[in-house]
Amino acid sequence: MSERIVILGAGIAGVTACEEILKEAPDAAVTLLSDERDLPYVRPLLSKLALNTFLRDRLPLHTADWYENRGVRLLCGTAADRILTDKKEVLLADGTALAYDSCIYALGARSHVPPIPGANLPGTAVVRSIDDLQKIRRLLAAARTAVVIGGGVIGLEFAWEIKKSGCAVTVLEALPQLLPRVLDAQSAAVLEERAAAAGISVQTGVRIARIAGGTRAEAVVLADGRRFPADAVLLCCGVRANTAVAERSGLACGRGVLTDDTLRTSAPDVYAAGDCIQIDRSARHDALGQCDTDDLNPGLWTYAAESGRVAGYNAVHGKNGAVVFAPKPAAVLLSALGTNVFSMGDVREEACDRTLCGSQPACSAAFLVNPHTGADRCYEKRFYRGGRLCGAVLIGDLTAMPAIRQELEAGQATDPAKQACKTPEVTR
Ligand SMILES: Cc1cc2nc3c(=O)[nH]c(=O)nc-3n(C[C@H](O)[C@H](O)[C@H](O)COP(=O)(O)OP(=O)(O)OC[C@H]3O[C@@H](n4cnc5c(N)ncnc54)[C@H](O)[C@@H]3O)c2cc1C
């Protein structure tokens, strides 16, 4: 009998796992399920297409035929309730049981709604799915003012699209800077200037008291009394891993579903991938003592895809030699606010050797800033640790991006600490 593999979640992690399984075990009986009604799609495009673009045509990762022709049983609009790990079955919300030999948990993440009074009023919205976006479009069609709560990548992309659609928009960020997970403070200040030049009002370091309104949102009110009128309020406040199904199934969870570095969960023959995972490298690397014990999931497309590939491979070959998931340095590319932003690697000044190198081209330590404001308005900042490039930011002209990417990836490949994490093949 061919191997039965059930994949929970048909985001990029689940679909990439499916592609890898088809490559490694073409005879496997693969079931791929998602509670969304749409064909699996390219989620980042939700915030990268003009708000009036027709979506359902543009986004799918593959056509329905693609799955059918490869014998993949794709179940859209199907929710998983729990994994019965002792019986090796997935129980669906409608009571159906799916038997598996291997299972991959790739249920992704959901938008975080902070505990702000009024956050659930009509007129507010989050964005994670096509359905969310359709709701936002309906809201914005009748809106003259909008507030985006959250100055991260998605918040800024939406603010830009809203502005382009002709609606006045304000971005409110609780932390003292924009893109807090992506930029250092100096680079964020440069971006804030660009946002102002593009006509987007940005308020950082704010404390939101409530979303005011009677039957629907009318304004966002700050603790200091300032009030921002809003016919529509978008909550772009980060995500939380979808761990409920795992918890009900008895899988070990922290902020995400806990896995070792081969993406094996605490249950036999159950792997996990994508936005929902939290890797506990100490599970196998105690002896090395050099690796992070608690990797931060960056919540990025490439991380989800690559972890899906590894989970798919290990679901097929895990018993004979699982491969380790060694993610590349996280890279973020943003095109919004009338400019481009690229950030990759570790861009925390405090994590670098702190000597400012000015415009010296060869920098053995510290960070190097090249804040050009000439015609191309290119801003470049490089971060060094131990003489090695560990991170970089570009704002404006991104010509240097491929070279930086290459240098950072090559640096990781020769970094002794990362090497220790990259044990090539493992079984346990
Ligand atoms: C608007 C937006 C813009 C983004 N832009 C970027 C970007 O520019 N660059 C970048 O790197 N990343 C970006 N991201 C993040 C990126 O999209 C995610 O990291 C990636 O999609 C995660 O993939 P995943 O497969 O782990 O999870 P998901 O894509 O979340 O897929 C999980 C699937 O499981 C389903 N599911 C959940 N619970 C159940 C259940 N009980 N039963 C059945 N199905 C269930 C979900 O509905 C979902 O379809 C963006 C995200 C959003 C929302």
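Read-outs: derived from the displayed coordinates by stated rules, not from any lab. Note that this is a predicted model, so its numbers are computed, not measured. Virtual Cβ from ideal backbone geometry, glycine too; neighbours counted across all protein chains shown.
Data for the structure
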item: Among beta bridges that DSSP assigns inside the chain, antiparallel share in %, nearest 5; result: 55
item: Kirkwood hydrodynamic radius (C-alpha pairs) into Stokes-Einstein, the chain, 37 °C and 0.692 mPa s, D in µm²/s; result: 142
item: Cα-based Lys pair tally, the chain, threshold under 30 Å, eight or more apart or on separate chains; result: 25
item: Signed unit charges on C-beta, dipole axis of the chain, positive-most listed residue Leu139, Gly254, Ile149; result: Leu139
item: Helical mean residue ellipticity (222 nm; -39500 (n - 2.57) per DSSP H run of 4+; nearest 500) of the chain; result: -7500 deg cm²/dmol
item: Extension gain from Asp224 to Ala64, taking 0.36 nm per residue of separation minus the Cα-Cα distance; result: 52.4 nm
item: Dipole magnitude (debye, nearest 20) for the chain, charges at Cβ of Lys, Arg, Asp, Glu; result: 920
item: Where labels lie 7 Å past Cα in the beta-carbon direction, separation of Asp94 and Ala189 in nm; result: 5.8
item: Segments 77-85, 219-227, 338-346 sorted - mean Cβ within 10 Å per residue, highest first; result: 338-346, 77-85, 219-227
item: Backbone N within the stretch 1-42 under 14 Å of label point (7 Å from Asp101 Cα along the Cβ vector); result: 1-6, 21-22, 24-31
item: Antiparallel bridges, percent of DSSP beta bridges restricted to the stretch 124-237 (to nearest 5); result: 30
item: FRET efficiency estimate (nearest 0.05) - Cβ-Cβ, Thr215 to Ala400, R0 60 angstrom; result: 0.70
item: Assigned charges on the beta-carbon of Lys, Arg, Asp, Glu; the stretch 174-310 dipole about Cα centre (debye); result: 540
item: Dipole of the stretch 1-111, positive direction: furthest Cα of Val90, Cys76, Leu55, with charges on the beta-carbon; result: Leu55
item: For the stretch 124-237: span of alpha carbons on each principal axis (Å, largest first); result: 40, 31, 24
item: GNM result for the chain, Cα springs below 10 Å: residue of Tyr303, Tyr379, Tyr105 fluctuating most strongly; result: Tyr379
item: Net dipole in debye of the stretch 43-202 [+1 Lys, Arg Cβ; -1 Asp, Glu Cβ; about Cα centre; nearest 20]; result: 340
item: Cβ crowding within 10 Å averaged over residues, with 182-189, 231-238, 8-15 ranked highest first; result: 8-15, 231-238, 182-189
item: By average C-beta atoms within 10 angstrom, highest first, the peptides 200-209, 264-273; result: 264-273, 200-209
item: Over the stretch 124-237, relative contact order from alpha-carbon pairs under 8 Å, at least 6 apart, %; result: 34
item: Percentage relative contact order, the chain, counting C-alpha pairs under 8 Å, at least six apart; result: 15
